[in-house]
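Written out below as structure tokens is the structure these notes cover.
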Amino acid sequence: MPFTRENLDQYLKELAKEFRKRNGKFMPAEIILIGGAAVVINYGFREMTYDMDAIINAASSMKDAINSVGDRFGLPNGWMNADFMNTASYTPRINRFSEYYKTFSNVVTFRTVTGEYLVAMKLMSGRQYKYDLSDVIGILWEQEKKGHPLTQEQIEKAVVDLYDSYDRLPQDSRRFIENALADGDYEAMHARIRKMEAENKDILIEYQEEKPGVLNTDNTSSIIAAIRKRKGEQ
């Protein structure tokens, strides 16, 4: 079941009610929504996401509240999760550079990451088979339409704020963002990259079926590149 701009707040509201029911009104919690949920909340180019990556600063009973709401509404197991905190994109500094979104039931405050900080996180992840790269272009596109275009300097500063050095980004991600900003035709670029991401996902599914157990987070890029080269593509 996808989370959309229309239903996302409903689930957040229900989660806050469930948490308050379990812990009372004097135990606050804070959840920072990142990834696809942050994109859906802050931008219009992406209509949905299928899970909510989050940084959860709350009592351990929040996990029970998440599961309870999921069971009640038929949401997938782990519909909101903190798995992101085990990836290279995570840094505790995200808290400092997140922005207030909403508070529900007077106990659970939700924040999101937006603008150049969301771009920095997506570039650090840089997955070519998810929405990381198309999300970067979508954010650049919408920021420009809003009259607040992002510059190379802003993005580099955000990367430094979160990860200490611009050089910490994967080389492919640095090349990608520099070329994207130089090109500037974000609308055409977004459509092209979304198509590429979908093709790459199909490539990996097919590869996994042919060679189960070989694929992992460290070799996906090289496998995609090798298969595309074999097919005579760039």
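Annotations
- Counting only heavy atoms of the protein chains and using a 1.4 Å probe, LYS195 has close to 120 Å² of accessible surface.
- Stretching SER61 away from ASN95 to a fully extended chain increases their span by 10.1 nm, per 0.36 nm per residue minus the current alpha-carbon distance.
- Rolling a 1.4 angstrom probe over the protein heavy atoms with all chains in place gives segment 76-130 an accessible area of 45 Å² per residue.
- Whole-Hz Karplus values for segment 85-94 come out as 5, 9, 9, 5, 6, 7, 8, x, 5, 4 Hz, taken residue by residue from phi with 6.51 cos²θ - 1.76 cosθ + 1.60 and θ = phi - 60°; glycine and proline positions read x.
- Comparing mean-square fluctuations of TYR50, TYR11, TYR207 from a GNM of the chain with C-alpha springs under 10 Å, the top value falls on TYR207.
- Antiparallel DSSP beta bridges within the chain, percent to nearest 5: 60 percent
- Unit charges at the beta carbon, dipole of segment 78-166: most positive-side option, THR112, TYR163, GLN152: THR112
- Rg/Rh for segment 73-165 (Cα atoms only, Rh after Kirkwood) is 1.00.
- Once the 1.4 Å probe is applied to the protein heavy atoms, segment 6-70 comes out at 43 Å² accessible per residue.
- To the nearest ten degrees, helix 132-145 and the longest principal axis of the Cα atoms of the chain are 80 degrees apart.
- For segment 131-234, the solvent-accessible area of protein heavy atoms averages 60 Å² per residue (probe radius 1.4 Å; ligands and nucleic acids excluded).
- Summarising the overall dimensions of the chain from its C-alpha atoms, the Rg and Dmax are 18.7, 62 angstrom.
- Accessible heavy-atom area order of TYR129, TYR186, highest first, probe of 1.4 Å: TYR129, TYR186
- What separates the Cα centres of segment 179-221 and segment 73-99 is a distance of 22 Å.
- Table column - 3J(HN,Hα) (Hz), segment 114-125, Karplus curve with 6.51, -1.76, 1.60, x for Gly and Pro: 9, x, 5, 6, 5, 4, 4, 5, 5, 5, 5, 6
- Amide H to amide H, with H built 1.01 Å from N, TYR101 comes under 5 Å of PHE110, ARG111, THR112, counting only residues 5 or more places away or on other chains.
- With the helix formula -39500 (n - 2.57) applied to DSSP H stretches of n ≥ 4, the chain reaches a computed 222 nm mean residue ellipticity of -17000 deg cm²/dmol.
- Percent accessible area from carbon and sulfur atoms, the chain, protein chains only, probe 1.4 Å: 47 percent
- About the Cα centre, charge dipole magnitude for the chain (Lys/Arg +1, Asp/Glu -1 at Cβ), debye: 580 debye
- Given charges at Cβ of Lys, Arg, Asp, Glu: segment 1-61 dipole, positive-most of ALA38, ASN23, THR49: ASN23
- Solvent-accessible surface (1.4 angstrom probe) belonging to ASP53, in square angstrom, nearest 10: 40 Å²
- Within segment 83-107: backbone nitrogen closer than 18 Å to the ASN216 label point (7 Å, Cα to C-beta): 86-89
- Near LYS21: Cβ cut-off under 14 Å, other residues only, Lys/Arg at +1 and Asp/Glu at -1. The net charge is +3.
- Label-point gap, in nm, between LYS130 and LYS17 - each point 7 angstrom along Cα→Cβ: 3.1 nm
- Phi to ³J(HN,Hα) by Karplus 6.51 cos²θ - 1.76 cosθ + 1.60 over segment 38-43, Hz, x for Gly, Pro: 5, 5, 4, 5, 9, 9
The values are calculated or read from the model by the stated rules, or taken from the named source; none is laboratory data. These numbers were taken from a predicted model, which means no experiment stands behind them. Here the Cβ is made from the backbone with ideal geometry for all residues, glycine too, and neighbour counts use every protein chain on show. Calculation scope for accessible area: heavy atoms of the full protein, side chains included, ligands and nucleic acids excluded. Shrake-Rupley method; radii C 1.70, N 1.55, O 1.52, S 1.80 Å.
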